[in-house]
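Some notes on the structure that comes next.
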Amino acid sequence: MTTSPSDIPTLADLYESKAIPQSDEQPKYRYDEALNKRVSIWRGDITELESDMIVNAANSSLLGGGGVDGAIHRAAGPELFEECEGLGGAKTGETKVTGAYELPSKLIAHTVGPIYSSSKKDQCAAQLRSCYSTSLELCKKHGGGSIGFSSISTGVYGYPIQAATEIAIETTRTSLEADQSISRVIYVVFSQRDEDVYKSIIPRFFPPPPSSPPSYEEATS
């Protein structure tokens, strides 16, 4: 079973259906309906996403591991391992692209997130930002379209989910503002907890439509 971006609600859809809680925080960016139609939050299986590119939270060997990394390698089949063997690994913050083989997506961006350390918070933030920005740039380089992100470094690498999600979303916002080639960014989350975190943070970076003015009856009641 596969899921295409057209099957997944956009932020504009989620705001319209009230699926994203109202936030009292002041947005960091202006409201832009066109941008809200290019971003999604989806709780599902990234190996079933039929997109132009998916982003794998890889380790530095690029040869597979646990969690999402292992799931992607298993679902893609042995040819993915063979291609990754020839890439020579990757540094933290670096991204390399391969075919997707038996997956429904066309390409895989393998990005190496930082192992979180509170004593190196700024360095970790810069490296994580690079994971997202280089993945987006490579998606553009390969023709754009849709890209699905796993939540990089928030599993065994220990990056606090709130801070990591802010970096993911803000990097996406600035990238989409600068270029039209990416039609959809899909944040693929595994748990209800992670979905709730994304939904709580996203209004600051992709605000909902301004509240409509009250009707005459409401204003005079």
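Between the DSSP loop rule and a limit of at most 10 other Cβ atoms within 10 Å, which GluC sites (Glu not before Pro) in the stretch 7-114 are left?
Values: sites: E16, E25, E33, E48, E50, E79, E82, E83, E85, E94, E102; in loops: E25, E50, E94, E102.
Taking the stretch 7-114 and a limit of 10 other Cβ atoms within 10 Å, the loop GluC sites (Glu not before Pro) found are E25.
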Based on the Cα gyration tensor of the stretch 1-96, what are the three equivalent ellipsoid semi-axes, each the root of five times an eigenvalue, rounded to whole Å and given largest first?
33, 17, 11
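By its C-alpha gyration tensor, with a ≥ b ≥ c as the square roots of the eigenvalues, how is the stretch 109-197 shaped: rounded for a/c under 1.5, else prolate for a/b larger than b/c, else oblate?
On the way: a/c = 2.00, a/b = 1.49, b/c = 1.34.
Prolate.
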Work out which helices of the chain, taken as complete DSSP H runs, extend at least 18 Å along their axis over the Cα atoms and score a mean Kyte-Doolittle of 0.0 or more, then list them.
161-178
Phi-derived 3J(HN,Hα) across the stretch 150-157 with the Karplus relation (6.51, -1.76, 1.60, θ = phi - 60°), rounded Hz, x for Gly and Pro, is 7, 7, 6, 6, 8, x, 5, 6
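With both bridge residues required to lie in the chain, what share of the DSSP beta bridges run antiparallel, to the nearest 5%?
If we restrict to bridges inside the chain, about 20 percent are antiparallel.
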Net charge near H110: determine it from the other residues with C-beta under 13 Å of the C-beta of H110, scoring Lys and Arg +1 and Asp and Glu -1.
-2
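Nearest 20 debye, what's the magnitude of the dipole of the chain about its Cα centre given +1 on Lys and Arg Cβ and -1 on Asp and Glu Cβ? Kindly include the intermediate steps, with their values, before the conclusion.
Details: 20 positive and 29 negative charges, 114 e Å.
Its charge dipole is roughly 540 debye.
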Dimensions of the stretch 117-163 along principal axes (Cα, Å, largest first)?
38, 18, 15
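Could you give the dipole magnitude of the stretch 9-53 about its Cα centre, charging the beta-carbon of Lys and Arg +1 and that of Asp and Glu -1, in debye to the nearest 20? Walk me through the numbers on the way to the answer.
Values: 6 positive and 10 negative charges, 43 e Å.
So the magnitude is around 200 debye.
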Shape descriptors of the chain over alpha-carbon atoms, Rg and Dmax in angstrom, are 18.0, 71
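We did not get these values from a lab; they are worked out from the coordinates using the rules stated. None of the values given here were measured: they were computed from a predicted structure. Using ideal geometry, Cβ is built from the backbone for each residue, glycine included, and neighbour counts are taken over all protein chains shown.
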